[in-house]
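Here is the structure we will look at.
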Amino acid sequence: MRGLKKNIKANMLAVVVMIMTALPGITVAESITERPSGAEMTADLVLVRPLMIGATVIGSAIFIVSSPFSALGGNFKEAADTLVATPFRSAFMRCLGCGTKHMIK
């Protein structure tokens, strides 16, 4: 019985030490912000932005055609968000070279 308590205490201490040593690494990892490189910014400006503007225009046309059906189906807002708002935000409301997680909402 005594050996079992000692073993449980040793295992609990090992778990606590592992958690305590991992926490500083986790907090540092979350505070680092990555800055896009010049190549990423250039590729975004030349390739991605024009494609997203085109996707916004095409999505708007598709949304206009499908809006009566979306309204009848009860998913008008979801269709507008998916077809128009998401590509618009990606084209105009995020930093140059950044991914979609940096979009302004």
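At a glance:
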quantity: Subset of segment 57-70 [without any contact (Cβ under 8 Å) to a residue 12 or more places away in the chain and open to solvent by 60 Å² or more (accessible area, probe 1.4 Å)]; calculated: Val57, Ile58, Ile64, Val65, Pro68, Phe69
quantity: Of all residues in segment 30-56 being over 15 Å from Cys98 (Cβ atoms) and at pLDDT 90 or above, the one that is most open to solvent (accessible area, probe 1.4 Å); calculated: Leu51
quantity: Ser90 being free of Cβ contacts under 8 Å to residues at least 12 places away in the same chain, buried (at least 16 other Cβ atoms within 10 Å of the Cβ) and of a type in the set (S, T, N, Q); calculated: no
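The values are calculated or read from the model by the stated rules, or taken from the named source; none is laboratory data. If you're wondering where the values come from, they're calculated on a predicted model, not measured in any experiment. For neighbour counting, all protein chains shown are included, and Cβ atoms are generated from backbone atoms with ideal geometry for every residue, glycine included. Each accessible area value is taken on the protein alone, full model and side chains, heavy atoms only, with ligands, DNA and RNA left out. Shrake-Rupley method; radii C 1.70, N 1.55, O 1.52, S 1.80 Å.
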